[in-house]
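Take a look at the structure set out below.
The values are calculated or read from the model by the stated rules, or taken from the named source; none is laboratory data. Predicted model, so just to flag it, every value in this text is computed and none were measured. Note: ideal-geometry Cβ built from the backbone for every residue, glycine included; neighbour counts use all protein chains shown. The accessibility values were calculated without ligands, DNA or RNA, using every heavy atom of the protein model including side chains. Shrake-Rupley method; radii C 1.70, N 1.55, O 1.52, S 1.80 Å.
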Amino acid sequence: MLNFEFKNPTKILFGKGQIAQIATEIPAQSKVLLLYGGGSIKKNGIYEQVKEATRGFEVVEFGGIPANPEYEVLLRAIKVIKEEGITFMLAVGGGSVIDGTKFLSSAALYQGESPWDILSKRIRTEQGLPFGTVLTIPATGSEMNSGAVITRSETQEKLGMGGPGLFPQFSILDPQVVASIPQRQLANGITDAFTHVLEQYMTYPAGALLQDRLSESIMLTLVEIAPKILADPSDYEAASNFMWSCTMALNGLIQKGVPTDWAVHSMGHELTAFFGIDHARTLAIIAPNHYRYNFEKKKEKLAQYAERVWSVGQGTIEEKARLAIEKTENFFRSLEIETKLSAYTASYEGTAEKIAQNFRSRGWTGLGERKDLKPEDVEEIVKMSY
Ligand code: NZQ
Ligand code: ZN
């Protein structure tokens, strides 16, 4: 097992009716900026619950944060924070609203020339404007981690940021919110969380028995609840297991003491930046081919995953590992997620080359758990995925 440090300061309030607890979690006298997305919270009753729970505070609202939170929109929110003297933010939404809020948390205190530096120069946020979240869609784990991904459509970029100053102070996880999520977004959430586990697991054996089994148990739980949640998102038991699995998949715990990959996400973000493909779908396009391309380096873990998650009992390591990739792709397809880039865009010409070039110009010349994946390899993987 590798050395590690672990600290996660986010307080989780999980379960039915927990939105009412917001008032006790926000510091007294705060001037609150309530942030939300395209308006789903106004149709499913979440907005009313939040308004009721924040009645004792002075609240300013900022809605309209789009999926894949857009830099230009967030710049307008920075103005509001400064003009209104906001002291606390409350993100009510999914990964997009929460990530947008994390960017604002950092940008509100940033002293440099342009807040885009935080992303382009990978500036780590040690301290941010405090915020809490009300999660409305299980998927990203953003509610209990310190990372964010921001899109700038003007330049077709989608870049990550993070730092210990960006953990939410608290996150409210009421699984009842799952009932109103459309099928497409439910499938996205399952796929994203499943791939988060893969990124932290599908590397090489590191003798971390507990971390492996924690990862496998999250994947097994997602496989078990997937058909239930798609059939009936108001099934509270399925929804609560779905929600907690997504949070556990990316709150930092399972990555401690093990090598991690994250190349699938790096490539996926480019596909979202170019074509606007939903985040989770980009992962389903790339992951199987990433594992095919890096088969020799990952086959031991692929075989272990085949045995423990997909109950593959027979065969050599190679046979089991190959079956593991097929099972993974079939799982995504069972959620009605297309796993070929050609299903999403016809204007593919030059994409793989452009992504490789972007990675080169950013100095991303050694990706993956062994830091040996070069832009040329990325180009091949994207080509295989079309
Ligand atoms: O915008 P509204 O109207 O609220 O609608 C949203 C949005 O259209 C809708 N929705 C959310 N909750 C709902 C609901 N509809 C009905 N009922 C509800 N209860 O769902 C749509 C998608 O929302 P979004 O927040 O975009 O989804 P998700 O949570 O999947 O977030 C995706 C973003 O997070 C980033 C992705 O790259 C992407 O930008 N990620 C963040 C990570 C992190 N911070 O750790 C890690 C991930 O790998 C990922 O990169
Ligand atoms: Zn993801």
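Kindly indicate whether Glu349 is over 22 Å from Val197 (Cβ atoms), in contact with a helix residue (DSSP H, G or I) (Cβ under 9 Å, 6 or more places away or on another chain), surrounded by fewer than 16 Cβ atoms within 10 Å (Cβ to Cβ) and without any contact (Cβ under 8 Å) to a residue 24 or more places away in the chain.
No; evaluated as a whole, the condition is false for this residue.
Can you pull out the strands (runs of 3 or more DSSP E) entirely within the stretch 3-65 that have at least 2 residues that are within 30 Å of Gln211 (Cα to Cα) and open to solvent by 70 Å² or more (accessible area, probe 1.4 Å)?
In the stretch 3-65, the matching strands (runs of 3 or more DSSP E) lie at 11-14.
Which is open to solvent by 40 Å² or more (accessible area, probe 1.4 Å) and within 11 Å of ligand 2 (Cβ to nearest atom), of Trp244, Trp262?
Trp262
Of the residues in the stretch 273-309, how many are open to solvent by less than 10 Å² (accessible area, probe 1.4 Å) and within 12 Å of ligand 2 (Cβ to nearest atom)?
Qualifying residue count, the stretch 273-309: 6.
Results for (1) within 16 Å of ligand 2 (Cβ to nearest atom); (2) crowded, with 24+ Cβ neighbours inside 10 Å, shown as yes or no for each residue.
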residue	(1), (2)
Glu154	no, no
Glu157	no, no
Phe167	no, yes
Val177	no, yes
Gln185	yes, no
Asp192	yes, yes
Val197	yes, yes
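Report whether or not Ile172 is outside the structural domain of Lys297 (by TED's automatic domain parsing), in contact (Cβ under 8 Å) with a residue 60 or more places away in the chain and under 22 Å from Ala238 (Cβ atoms).
yes
With the structure loaded, tell me whether Ile225 is over 18 Å from Glu300 (Cα atoms), free of Cβ contacts under 8 Å to residues at least 60 places away in the same chain and within 11 Å of ligand 1 (Cβ to nearest atom) or whether it fails that test.
no
Could you tell me whether Lys228 is surrounded by fewer than 21 Cβ atoms within 10 Å (Cβ to Cβ), under 19 Å from Ile137 (Cα atoms) and either more than 16 Å from ligand 2 (Cβ to nearest atom) or at pLDDT below 95 (or both)?
yes
Of all residues in the stretch 75-93, which are open to solvent by less than 10 Å² (accessible area, probe 1.4 Å) and of a type outside the set (Val, Ile, Thr)?
If the condition is that a residue be open to solvent by less than 10 Å² (accessible area, probe 1.4 Å) and of a type outside the set (Val, Ile, Thr), then Ala77, Phe88, Met89, Leu90, Ala91, Gly93 are the ones that fit.
Quick one: Leu373 ticks every box in (1) closer than 25 Å to Thr155 by Cβ; (2) open to solvent by 10 Å² or more (accessible area, probe 1.4 Å); (3) modelled with pLDDT of 95 or more except a single one, so which number is it?
(2)
Looking at the structure I just gave you, is Lys102 crowded, with 18+ Cβ neighbours inside 10 Å, at pLDDT 95 or above and among the basic types (Lys, Arg)?
yes
If Gly268 meets every condition in (1) in contact (Cβ under 8 Å) with a residue 60 or more places away in the chain; (2) within 16 Å of ligand 2 (Cβ to nearest atom); (3) open to solvent by less than 40 Å² (accessible area, probe 1.4 Å) apart from one, which number is that one?
(1)
Taking into account only those residues within the stretch 115-152 that are open to solvent by 40 Å² or more (accessible area, probe 1.4 Å) and more than 20 Å from the chain's Cα centre (by Cα), which is nearest to Gly268 (Cα to Cα)?
By that ranking, first place goes to Lys121.
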